[in-house]
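K.L.:
Mind having a look at this structure? Questions to follow.
Only the coordinates and a few stated rules stand behind these numbers; no lab work does. Because the structure is predicted, anything quoted here is derived from the model rather than measured. A quick note on method: Cβ atoms are made from the backbone with ideal geometry, for glycine too, and the neighbour counts reach across all protein chains shown.
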Amino acid sequence: MLSLWLRRLPIDRIERLRERTTAPLVVYGKRGNAELLTAIDDAAERLGLTPGVALAQARAMHPGIEAIAEDAEADSQLLDNIADWCLRYTPLVACYPPDGLLLDISGCAHLYGGEDALVADLSGRLEKAGLAYRIAIAGTIGAAWAAAHHGAPGSYRCGEERALLSPLPLAALRLEPGTVAALARVGLKRIGDMIDLPRAPLTARFGPELLRQLDRALGQEHEPLNPRLPVAPYVAEQRFAEPIAREQDVLASVARLAGRLKLALERRGDGARRIELTLFRTDGEVRRLAAGTSRPLRNPAAIRALFVERLHALSDALDPGFGFDMARLSVLTAEPCPARDQAEWVPVSRPDRAQNYKDRTRSDAKPVPTFADRVLVQIGIGGAEDQTELDRLVDRLSARLGARRVRQLIAQDSHIPEIAGACMPAQMTGTDNGWDAFRRYRAQAELSPRPLRLLTRPEPIEAVAEVPDGPPLRFRWRRALHEVIAAEGPERIEGAWWSEHGGPARDYFRVEDKAGLRFWLFRAGLYRDLAQGAAAPSWFLHGTFA
Amino acid sequence: MIAQLRQSLRALEKPAGIDTDAGCLPFGVPAIDAALAGGLARGALHEIAAAGEAHLAAAAGFALGLAPSGARLVWIAEDMALAESGAPYGPGLDAFGLAPERLLTVAAAHQRDLLWAMEEALRCRAVAVVIGELRHGAIDPVAVRRLSLAAAQGGALALLLRGSPPHDASTAATRWIVSAAPSSPSPGWGGSPSEARRDGVAYDKKSSPPPVRLRSASADDLPLSGGGERESCFAVQLTRNRRGPLGAWTLQWSDDDERFVPATHAQPVAAPAADRPHRKVA
């Protein structure tokens, strides 16, 4: 377990953004009702200031200091960025706000040539970024944290926790300040002072938290790490000796990594539903691109094709800066997938698609059907192969435009028109989506016609009706006046009476105006339900017929 | 002889590299099929323009009516179009004779995305009809050409739906201007006053006649069940046709047959031009 403490994160953040000045720099923030120093730089430290001193007092002592208000949001943003960037060492990175990171490097260190080499690599990068840090490695989270914050930074083996913790102050156990003060009052200052004391009286006096933290630091109780990002079930990564910057190179490495993922996926019979490409820039920036698929997928060429679209869709270019020195492809969501499905995927990439298509049409060329009558055409009406083709289209469109823009219609079991027909991202829907049931219902209930297009929100219209409950004679919609020459209705649709926000009952009319335009209007509310003296129900236009 | 010549001419007109004749979709209306030399050509781009913004729904209905039933459809529209004229509504499509589960709707942020998505969809062999809805603005002739080529490659029917009649030249195979037409009064209706009297509100016979009902009503309170239904009518104008003469027709959507039929109350329209009048004799 590696604990990284960025001990002057706010100061470093400010100094990264501006030119270095000679004046001592302090950062202050409001704690309770007082403005206290929260972080100070080396020069201020030499003056004898410490965090926690009141800002007014510090200013009185040293009028020359420069004080800047804290920006907790920017700090946590920077910490997140550093955490992202630490993903290059291990997928298990947890933030420990406000200024710490925990990295589970078990089984990862040898990739960098051992723990020392990893720490050297990490320190080098942090120094280049101008961040003050302390790094400690120990067997447990608690011990690593204690060593980084209060002890001597370095690498400690498993089993050394007791020796490591004993000389450290009790604050190193991540206790409440109140508990630490109470322990100090009874003469317990170091962890070694209480490590062998009888447990029952300690718990009785100071609560269970004290011993839990001690047990966790000693490794007698497990402490879970809460990673910032979910850990992907399948990961493949590649480091480059020379940073890559061109799009082709990125795509080539995607294909290579996908090839490696394919082996791992095949072994367990899985396919990827959601894939993420993480690109680590040499200067510490991290780019993450995710692409979804509508069916489990493990063909490298198909995965590459998804990222071709994904890269095209970036509004700003990939912006490689000085290049990417590492790429990682992770499968965020995997689902079981039968092997035979994968065989049908034809690897087709952008430039050679037309060629490929022609080849295929030749190979299965059929005699041109004659269309004596309005016949069903053979193209686009089913077959497993068509479904595969369509899934590929959906994936391409979703990767480029976003999954929420590519939708399919679904039928829902509701009598309220806008709920009965809804849209769902096509990658999440099945093949039927409830329409078979809807058709049975429509036939049975003799549902009156529904409009071809439904407005997202019914639009208010000014309507004049001959009789209060009758259809409108004329109405004005979007400033245009429509004279109704024919109407059908009403079809009464009750609101959701079981809900507080169900709305009133609606009387729907299908009307046709002089020009032949056909609309679906409704009156919200019934005259019969009106309270005495209330305003007349209002009219809305909800959809248009062909 | 002439038919042979026409055939060879058509073969010459085809872009290079496309060797399959995708066939055509007959309308079922003899006059139109004759003008289109058999029907609407598949593997080609057709422009369908609404006569005005208000007629966009009719134009969309006409475009959907062209799709063979059971076909896989992709409807691509800009965000704005979906917000302004509403999104395709499943139950309505179902009533129109299309299977909603076979429709894929794509919302594009810009015209560029829309054209790209149309091209992608046209290249997909599983898609039979691609409808692109372009409400405003001109369209680059190069883009139209690209779409035509993509359609020819995939053999799908490409329909470009436009909000207003375009004036620009186009390489599309046909261009239609569609507007809604008043539906025919079916026999035996014409609202009786008793229908209008409900909830104790009397109807005054002397004032202007009430809106007639689309269906002949029974004595029940809700005049919705049974009766003859008025069917949607379209006034379509063929203003560009690469295969034959132009024309104008009034069509009616027949719900039972799920196809267009000539409107029974066809209003007098100008006689269809026998030849293309704009083409001068050399």
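K.L.:
Given Cβ point charges of +1 (Lys, Arg) and -1 (Asp, Glu) and nothing else, what value in debye, to the nearest 20, does the dipole of the stretch A:2-137 about its Cα centre take?
P.N.:
260 debye
K.L.:
Just from the alpha-carbon atoms, what are the Rg and Dmax of chain A in angstroms?
P.N.:
33.5, 101
K.L.:
Continuing with the same structure: Once you have the Cα-Cα distance between A:Ala60 and A:Arg174, take 0.36 nm times their residue separation minus that, and quote the gain in nm to one decimal.
P.N.:
Answer, rounded to one decimal: 37.8 nm.
K.L.:
Taking the Cβ-Cβ separation of A:Ala445 and A:Ala536 as r and a Förster radius of 25 Å, what is the calculated FRET efficiency to the nearest 0.05?
P.N.:
0.25
K.L.:
Next up: Students often forget the sequence filter, so: which aspartates and glutamates lie under 12 Å Cα-Cα from A:Lys262 once same-chain residues fewer than 8 apart are removed?
P.N.:
A:Asp270
K.L.:
Taking the stretch A:189-264, which trypsin sites (Lys or Arg not before Pro) meet the DSSP loop condition and have no more than 12 other C-beta atoms within 10 Å?
P.N.:
A:Arg246
K.L.:
Between A:Leu481 and B:Ala34, what is the label-point separation in nm under the 7 Å Cα-to-beta-carbon projection?
P.N.:
A separation of 4.3 nm, rounded to one decimal place.
K.L.:
What is chain A's relative contact order, in percent, from Cα pairs under 8 angstrom and six or more apart in sequence?
P.N.:
It rounds to 9 percent for chain A.
K.L.:
Okay, moving on. Which stretch or stretches of the stretch A:199-239 have amide N atoms under 20 Å from the point lying 7 Å from A:Leu111's Cα along the Cα→Cβ direction?
P.N.:
From the stretch A:199-239, the list is A:225-239.
K.L.:
Rounded to whole Å, give me the distance from the Cα center of the stretch A:1-53 to that of the stretch A:510-544.
P.N.:
Answer, in whole Å: 66.
K.L.:
To continue, here is another question. Of A:Gly284, A:Leu251, A:Ile303, which is farthest on the positive side of the dipole of the stretch A:234-343, counting Cα position, with +1 on Lys and Arg Cβ, -1 on Asp and Glu Cβ, and the Cα centre as origin?
P.N.:
A:Ile303
K.L.:
So for the pair B:Glu84, A:Ala301, with labels modelled 7 Å out along Cα→Cβ, what separation do we get in nm?
P.N.:
4.3 nm
K.L.:
Compute the length gained on full extension between B:Val142 and B:Asp256: take 0.36 nm times their separation in residues and subtract their Cα-Cα distance, giving the result in nm to one decimal.
P.N.:
37.0 nm
K.L.:
Any idea what angle helix A:300-313 forms with the longest principal axis of chain A, computed on alpha-carbon atoms, 0 to 90 degrees, nearest 10?
P.N.:
Orientation of helix A:300-313: about 90 degrees from the principal axis.
K.L.:
Run the numbers for A:Thr456 and A:Asp196: contour at 0.36 nm per residue of separation, minus the present Cα-Cα distance, in nm.
P.N.:
Going from the current span to full extension adds 86.7 nm.
K.L.:
Run the Debye formula on the Cα coordinates of the stretch A:37-85, all scatterers equal and no solvent, and tell me log10 I(q)/I(0) at q = 0.24 1/Å.
P.N.:
Evaluating at q = 0.24 Å⁻¹ gives log10 I(q)/I(0) of -0.87.
K.L.:
I've got another one for you. Using the basic label-point model (7 angstrom from Cα toward the beta carbon), what is the A:Arg205 to A:Asp71 distance in nanometres?
P.N.:
Rounded to a tenth, the inter-label distance reads 4.7 nm.
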